[in-house]
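Report on the structure given below.
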Amino acid sequence: MMTEPLADDFGREETGALSDDFGREVTGVRISLTDRCNFDCIYCHNEGLGDTRGPMEPEDDEMTADEVVRFLEVVEEYGVRKAKFTGGEPMLRGDLEEIVRRTPDSMETSLTTNGTFLPGRAEALREAGLERVNVSQDALDPEAFAEITKSGAYDRVLEGVDAALDAGLDPVKLNMVVFEHTAGYVEDMVYHVAENEGLQLQLIEYMPELTGRPEWSIDIQRVHDWLADIADRIEHREMHDRKRYFVNGGMIEIVDPVENEEFCANCGRVRVTHEGYLKGCLNRNDDLRPMGEMSREEIREAYEETVANRVPYYGEYLKKNGSGEYEINERYIEAPKSTTSD
Ligand code: SAM
């Protein structure tokens, strides 16, 4: 028998979610289904795992559909209520529809995709239970798009967005990474979503942490200020401390995690790599935890350990020094191994 979730003193549902030592409940998982991608975006962090270039054929190291579903069933026991599928390009997986269909009913199921495979598949994904989709679209200009993504598939992406809307995956969130190469297209994108019903825009601050090109960053505060000037209304979401601006009926959200301690303090996600490693933080690769053969018991053990060891990246793993610069908190620097034999 299913038990009804309880409400706490603040009226929030108690889902039984695990919390880390910083009081952050984990209610969502972000699962990378593959490392492969048909694009080669110049800014791509690939969920912190490096280059996506390589063969497009399915690889042996990817979790099987059974493993992904087993993982989801286990974390459902821990109160996880959101599953987002990502990659690489998750739609390169032919069994994505099956995975979505077998995702526990208690979870909100969403997808982040470059959109090129949505035509012909959006309907089936919707029928399988997909609730929301984010499509990466970094510019409205085909040439800029090709330069950023190293792909000529601009028209196909627009078709993909239409296919998602036609399938009822409404609203479709367009993800745009804001950095040197795209800053000039932000205004067009803002008015594009305002003029097209069913679209929302998510402006993602470029994260240089994993790509090593800090010179591409732009000051995201300038975008906040500009939007605040032209917005009819502004909302503040608790999730990740995000701001939402409403412009001419269009909704624009800014996701600005870089050096944002409040963002990290509000992070409630654990990530899973395509090979089945748990990852407590996008920005770190020193906290990967294998789930062994992915038996339920092994998943439980690794998941509990991962949550217990989660640490906010800005504000705890990295702390500001006397000159105001972030550096690794000594607590997380491994003591050098002794070279002398005893
Ligand atoms: N292939 C899919 C796609 O294009 O959306 C999913 C994978 S992609 C890694 C997931 C998201 O990460 C995309 O919205 C992308 O824009 C964002 N992203 C990748 N690298 C980034 C970076 N350096 N800074 C900020 N966002 C980034």
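Out of ARG36, ARG81, report the one residue that is away from the ligand (no atom under 16 Å from the Cβ) and either at pLDDT below 95 or farther than 30 Å from TRP216 by Cβ (or both).
Checking each option against the conditions leaves just ARG81.
Do the conditions hold for SER295, that is, is it modelled with pLDDT of 95 or more, among the hydroxyl-bearing types (Ser, Thr, Tyr), more than 17 Å from ARG30 (Cα to Cα) and out of contact with any Pro (no Cβ under 7 Å at 6 or more places or on another chain)? Outline the logic, then answer.
Details: modelled with pLDDT of 95 or more: yes; among the hydroxyl-bearing types (Ser, Thr, Tyr): yes; more than 17 Å from ARG30 (Cα to Cα): yes; out of contact with any Pro (no Cβ under 7 Å at 6 or more places or on another chain): yes.
The answer is yes for SER295.
Please specify each residue of the range 192-229 satisfying the condition of being under 30 Å from GLY168 (Cα atoms), surrounded by 14 or more Cβ atoms within 10 Å (Cβ to Cβ) and more than 16 Å from the ligand (Cβ to nearest atom).
Listed by number, the residues that qualify are HIS192, ALA194, ASN196, GLY198, LEU227.
Determine which member of the set ASN285, ASN266 is within 16 Å of the ligand (Cβ to nearest atom), out of contact with any Pro (no Cβ under 8 Å at 6 or more places or on another chain) and at pLDDT below 95. Talk me through it step by step, then tell me what you get.
Working: ASN266 fails: within 16 Å of the ligand (Cβ to nearest atom).
After ruling out the rest, the residue left standing is ASN285.
Exactly one of (1) assigned to a loop (DSSP other than H, G, I, E, B); (2) closer than 28 Å to VAL307 by Cα; (3) more than 15 Å from the ligand (Cβ to nearest atom); (4) of a type outside the set (A, V, I, L, M, F, W, C) is unmet by ARG70. Its number?
Exception for ARG70: condition (1).
Say whether the condition of being of a type in the set (Ser, Thr, Tyr), surrounded by fewer than 21 Cβ atoms within 10 Å (Cβ to Cβ) and either within 13 Å of the ligand (Cβ to nearest atom) or closer than 30 Å to TYR314 by Cβ (or both) is met by at least one residue in the range 152-174.
Step one: of the range 152-174, the residues of a type in the set (Ser, Thr, Tyr) are 154.
So of that shortlist, the ones also surrounded by fewer than 21 Cβ atoms within 10 Å (Cβ to Cβ) come out as 154.
Pick out the ones that are also either within 13 Å of the ligand (Cβ to nearest atom) or closer than 30 Å to TYR314 by Cβ (or both) and you get none.
Within the range 152-174 (the criterion being of a type in the set (Ser, Thr, Tyr), surrounded by fewer than 21 Cβ atoms within 10 Å (Cβ to Cβ) and either within 13 Å of the ligand (Cβ to nearest atom) or closer than 30 Å to TYR314 by Cβ (or both)), the answer is no, since none of the residues qualifies.
Condition (residue is at pLDDT 90 or above, part of a loop (DSSP other than H, G, I, E, B) and more than 13 Å from the ligand (Cβ to nearest atom)) applied to the range 40-54: is it met by at least one residue?
Let us first name the residues in the range 40-54 that are at pLDDT 90 or above, namely 40-44.
Among the residues that remain, those that are also part of a loop (DSSP other than H, G, I, E, B) are: 40-44.
Within this subset, residues satisfying the condition of being more than 13 Å from the ligand (Cβ to nearest atom) are none.
Within the range 40-54, none of the residues are at pLDDT 90 or above, part of a loop (DSSP other than H, G, I, E, B) and more than 13 Å from the ligand (Cβ to nearest atom).
Per-residue answers, yes or no, for (1) surrounded by fewer than 17 Cβ atoms within 10 Å (Cβ to Cβ); (2) within 20 Å of the chain's Cα centre (by Cα); (3) of a type outside the set (Asp, Glu):
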site	(1), (2), (3)
ASP66	yes, no, no
GLY79	no, yes, yes
PHE85	no, yes, yes
ARG93	no, yes, yes
ILE99	no, yes, yes
ARG102	no, no, yes
ASP105	yes, no, no
THR116	no, yes, yes
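Any residue in the range 168-183 that's within 18 Å of ASN46 (Cα to Cα): show its pairings with residues that are within 12 Å of the ligand (Cβ to nearest atom) and of a type in the set (Phe, Trp, Tyr) at Cβ separation under 9 Å, as long as the two are six or more apart or on different chains.
Cβ pairs passing all conditions: VAL177/TYR43; VAL177/TYR206; VAL178/TYR206; PHE179/TYR43; PHE179/TYR206; PHE179/TRP216.
Exactly one condition in (1) of a type in the set (Val, Ile, Thr); (2) surrounded by 17 or more Cβ atoms within 10 Å (Cβ to Cβ); (3) outside any strand (DSSP E or B) is not met by VAL177; state its number.
It fails just one condition, (3).
The values are calculated or read from the model by the stated rules, or taken from the named source; none is laboratory data. Predicted, not measured: the structure shown is a model, and the values here were computed from it. Heads up, the Cβs are rebuilt from the backbone with ideal geometry, glycines too, and the neighbour counts pull from every protein chain shown.
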